Each structure stands twice: as structure tokens, then as C-alpha cells.
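Okay, structure first, notes after.
Derivation of every value follows stated rules applied to the coordinates shown; laboratory data play no part. The shown structure was predicted, so the numbers you read here are calculated from the model rather than taken from an experiment. Cβ: placed from backbone, ideal geometry, glycine included. Neighbour counts: every protein chain shown.
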Amino acid sequence: MSRRDFDASIMRRLRRVAGRHGLTILTAEKLTAKMGKGGHALRNDESFAVVYGHDPLPFTATLADIEAYLDKLDAGEE
């Protein structure tokens with residue numbers, strides 16, 4: 001496994017991509033019985049509104065979900 005496959009490396013890369021779109025990746029700090037260890041959400045920097053990862057519960061997006069959403073934004077699909 002190379003270093004680019006570690007969660008920390010993936011998170012740094014996704015934060016850079018999200019920043020280009022005016023978004024911030026939020027991570028839940030608390031453990032919950034329903035979701036396990038913290039999930040993620042995307043927040044718009046201008047309005048502070050959560051734009052992805054809040055349905056059906058807050059912080060329900062995984063890193064893979066965030067990456068797929070950002071890929072769509074890069075492709076101009078969203």
C-alpha cells in the first residue's frame with residue numbers, strides 16, 4: 001500500500017479539491033451507535049450551509065462518497 005492510499009493522504013487531497021469549489025469537509029468527532037466512527041459532510045464556505053452528507057442523518061457521507069461528489073463537480077455534472 002502506498003502512502004497516497006492512506007486516509008490522511010486522501011483527506012488532504014479531497015480538502016484541496018473541495019477548497020477549489022468553495023467547500024469545506026467537516027468530520028464528525030463523536031462516535032455514534034448508528035454510524036460508528038465519524039462520518040463526513042461538505043459545507044459551503046459562503047453560506048455555511050451543508051450541501052452534501054446530511055441526509056438522512058448528519059455526517060453520513062464516507063470519504064468515497066465525498067470523492068465521488070467532488071469528481072462530479074469537477075466534471076461539471078452538479
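Numbers below:
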| item | result |
| --- | --- |
| Other-chain or far-sequence residues with amide H under 5 Å of A61's (modelled H) | H40 |
| Most to least packed among 64-72, 8-16 [average Cβ atoms within 10 Å] | 64-72, 8-16 |
